[in-house]
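Beneath this line is the structure, given in structure tokens, with notes to follow.
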Amino acid sequence: MPGVALRALAEAHIHAVVEACADWEELAPYGAPYWRPRSPAELQRRIAATAGPSLASEYSLVIVEDGVLIGECSIHAIDWRNRVGEVAVCIWRPAHRGHGRGHDCLRQLMSWATGYLGLHRLEARVLGGLEPSMGLVLSLGFVYEGVLRRRYLDGGRWRDIHMLAYVTDA
């Protein structure tokens with residue numbers, strides 16, 4: 001399997017993202033923003049947020065493999081004063097999950113966030129019960145910091161969110 005590539009979310013990607021996320025009920029257990037259908041307006045807002053010239057508070061990227069979009073990732077809730085940002089990754093289709101794509105993507109995202117952007121702390125939120133996601137962030141050096149009890153409503157039931165962080169020496 002060739003590696004995945006990260007590309008900035010662009011207007012040309014909007015239709016593919018909306019279509020890929022049409023099965024939002026399958027994606028909802030993985031957390032926001034998948035608890036409801038995606039909209040072109042939401043994606044256009046994300047693109048505009050990174051248009052500059054000032055630093056953005058979020059960067060949205062698509063995950064590409066062999067020319068096909070297979071997911072998305074982001075660095076968001078960026079606090080430039082303290083050099084902190086939150087990371088997220090989602091591989092849309094079940095057939096693409098569990099093969100190291102999320103690991104490759106998050107590794108690249110972490111490198112860009114700590115290198116190019118100069119962030120020193122990356123935070124990840126993992127929904128309770130998502131053991132593969134928890135294993136992914138732990139395998140990349142994130143450290144467990146705590147739990148937000150009953151923080152996410154999924155299909156009428158409350159789920160916990162686990163907080164993890166990766167901190168550089170810089």
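With the requirement that a residue be modelled with pLDDT of 80 or more and either over 23 Å from Asp104 (Cα atoms) or exposed (fewer than 14 other Cβ atoms within 10 Å of the Cβ) (or both), what does the range 17-37 give you?
Val18, Glu19, Ala22, Asp23, Trp24, Glu25, Glu26, listed by residue number.
From the list Arg149, Arg157, which one is under 27 Å from Ala20 (Cβ atoms) and free of Cβ contacts under 8 Å to residues at least 12 places away in the same chain? Walk me through it before giving the result.
Values: Arg149 fails: under 27 Å from Ala20 (Cβ atoms).
Exactly one residue qualifies, and that residue is Arg157.
What are the pairs with Cβ atoms under 8 angstrom where one residue, in the range 130-144, is buried (at least 16 other Cβ atoms within 10 Å of the Cβ) and the other, located anywhere, is among the charged types (D, E, K, R)? Sequence gap at least six, or different chains.
Listed pairs, sorted by first residue: Leu140/Arg107.
Does Val84 count as surrounded by 13 or more Cβ atoms within 10 Å (Cβ to Cβ) and more than 14 Å from the chain's Cα centre (by Cα)?
yes
Name the strands (runs of 3 or more DSSP E) wholly inside the range 61-170 in which the number of residues that are at pLDDT below 95 and more than 18 Å from Glu26 (Cα to Cα) is 3 or more.
Per the criteria, 68-79.
Trp92 - would you say it is within 18 Å of Leu9 (Cβ to Cβ) and open to solvent by 50 Å² or more (accessible area, probe 1.4 Å)? Lay out the reasoning, then the answer.
On the way: within 18 Å of Leu9 (Cβ to Cβ): yes; open to solvent by 50 Å² or more (accessible area, probe 1.4 Å): no.
In short, no.
The values are calculated or read from the model by the stated rules, or taken from the named source; none is laboratory data. If you're wondering where the values come from, they're calculated on a predicted model, not measured in any experiment. Positions of Cβ are generated from backbone atoms using ideal geometry, with glycine treated the same way; all protein chains shown enter the neighbour counts. Heads up: the accessible areas ignore ligands, DNA and RNA and are worked out on the full protein's heavy atoms, side chains in. Shrake-Rupley method; radii C 1.70, N 1.55, O 1.52, S 1.80 Å.
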